[in-house]
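This report refers to the structure that appears directly beneath it.
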Amino acid sequence: MFLLNLAGFVIALLITLALVPLVRRKAIAAGYYDAPGERKIHKYPIPRLGGIAIWLGFMLALGTISLFQKEPNLTTALPGVLAGGAIVFILGLLDDLFNLSPYLKLVIQFVAALTAFGLGVQINTLDLPGAQLLVLNALSLPVTVIWLVGLMNAMNFIDGIDGLAAGVTTLSALTLTVVAMFTNQPSSALLAALLAGSSLGFLVFNFHPAKIFMGDSGALFCGFVLACIAVTGVLKTKVVVMLLPMFVLSVPILDITYSVFRRLLRGKNPFLPDADHIHHQFLKAGVGQIKTVTYLYSLCVVGGLVAVWYVNYLHIYIASLVGMFLLAVVLIRLVRKAYPMNGQGGDDPDGSNADSEPDRMTTGNRV
């Protein structure tokens, strides 16, 4: 299982690394990028269709693995992950291109979640700490849908500064890979490894100063797949309590919880964007982008350490983290040499190259 997951990770990484420059060039040529403006912080137009590379990297790697695997039927929930993932990817892409209404987006997100539920992505039981196993029965549908819709929006919410959403996705997917591997969930482990590879391949172009943004197409897809893996893998095993996926996905869950309650307490619409997310609080306090994402990466790693410690494979996780960190550093340096800043991406040294509208819900206009 380890070699299969490693192969999936590497294939997804290489495909995405090859696709991002192509997508970036096409986006610039077609005029689809975030232009500087009164509500923007970045200084130069930056293409924002990177989600295309993430989705294609994930799908092409999955197809490649399926061709060589003796048992191509990875999991009964796979159709739900792929179908729902395709819906949210197309939804996000359309929003990146045409700036859809947030209410229309929410409706289609529920359609994607219902599709996934109907195809086997279901939370049927919850193992509550210190309590008996809770069988959800009729509550399975609303709990699953709220989980899927909440997580995809949570990932979209944190996509506000360079490298945050991609980095959190990479770290969370790595954690889910290790947890799923050692709780006998091979299908979920493979899907998580594929997502880790594709998101890392994008991250090296998205780390500050970003050459490209993932857009809603990437953020929604990454959040949706992570939520599905937690459902089909982590929550399916009897040795894992309900709180474990909360630790794995701590950063997006904390941010969306903070954002929704903050907006409601202020009498604002919780679905409309603002510039008061957790990462923006760091920026307002004078912390640069790189330090901000480092702090939030650290929180994500701590949550992952707690989750993996619970299943007793901490040494494997730490070794994987170190290996991925070294790989990311090398790739980021190579990308910076290959793509020096020349007006098509932010080159501000103070770490302020961010979109002040972190939800990305009203950006992506063609300029």
message = Could you identify which residue out of Leu139, Leu190, Leu82 has the top mean-square fluctuation in a GNM of the chain using Cα springs shorter than 10 Å?
response = Leu139
FRET efficiency, 1/(1 + (r/R0)^6) with R0 41 Å, evaluated for Phe2 and Asn99 via beta carbons = 0.40
request  = Give a residue-ordered list of calculated ³J(HN,Hα) values for region 279-292 (Karplus: 6.51 cos²θ - 1.76 cosθ + 1.60, θ = phi - 60°; whole Hz; x for Gly, Pro).
outcome  = 5, 6, 5, 4, 4, 5, 7, x, 7, x, 4, 5, 5, 4
ask   = How would you classify region 43-154 from its alpha-carbon gyration tensor, with a ≥ b ≥ c the square roots of the eigenvalues: rounded for a/c under 1.5, else prolate if a/b is greater than b/c, otherwise oblate?
value = oblate
query = How many times 2.2 N^0.38 Å is the alpha carbon radius of gyration of the chain?
reply = 0.92
ask   = Using the heavy atoms of the protein chains alone and a 1.4 angstrom probe, what is the accessible area of the chain per residue in square angstrom?
value = 40
Val178 accessible area, 1.4 Å probe, all protein chains in place, Å² to nearest 10 = 10
task = Add +1 for every Lys or Arg and -1 for every Asp or Glu among the other residues with Cβ under 13 Å from the Cβ of Leu296, and state the total.
result = -2
task = Would you please classify the overall shape of region 1-66 from the alpha carbon gyration tensor, given that a ≥ b ≥ c denote the square roots of the eigenvalues, rounded means a/c under 1.5, and beyond that prolate means a/b larger than b/c while oblate covers the rest?
result = prolate
task = Please list the equivalent ellipsoid semi-axes of region 117-168, computed as the square roots of five times the alpha-carbon gyration tensor eigenvalues, in descending order and whole angstrom.
result = 29, 15, 8
request  = Could you list, in their original order, any pairs among Lys211/Lys291; Lys291/Lys337; Lys105/Lys268; Lys105/Lys291 whose Cα atoms are separated by more than 30 Å?
outcome  = Lys105/Lys291
remark   = In whole percent, the fraction of accessible protein surface over the chain that belongs to carbon or sulfur atoms, probe radius 1.4 Å, stands at 70
message = Counting only Cα atoms, I'd like the Rg/Rh figure for region 274-346, Kirkwood definition for Rh.
response = 1.09
request  = Per DSSP H run of n ≥ 4, the term is -39500 (n - 2.57); total these for the chain, divide by its residue number, and report the mean residue ellipticity at 222 nm rounded to 500 deg cm²/dmol.
outcome  = -22000 deg cm²/dmol
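The values are calculated or read from the model by the stated rules, or taken from the named source; none is laboratory data. Every value quoted in this text rests on a predicted model; they were computed, and no experiment measured them. With ideal geometry, Cβ positions are generated from the backbone for all residues, glycine too; neighbour counts draw on all protein chains shown. Just so you know, the surface numbers come from the protein's heavy atoms only, side chains and all, with ligands and any DNA or RNA stripped out. Shrake-Rupley method; radii C 1.70, N 1.55, O 1.52, S 1.80 Å.
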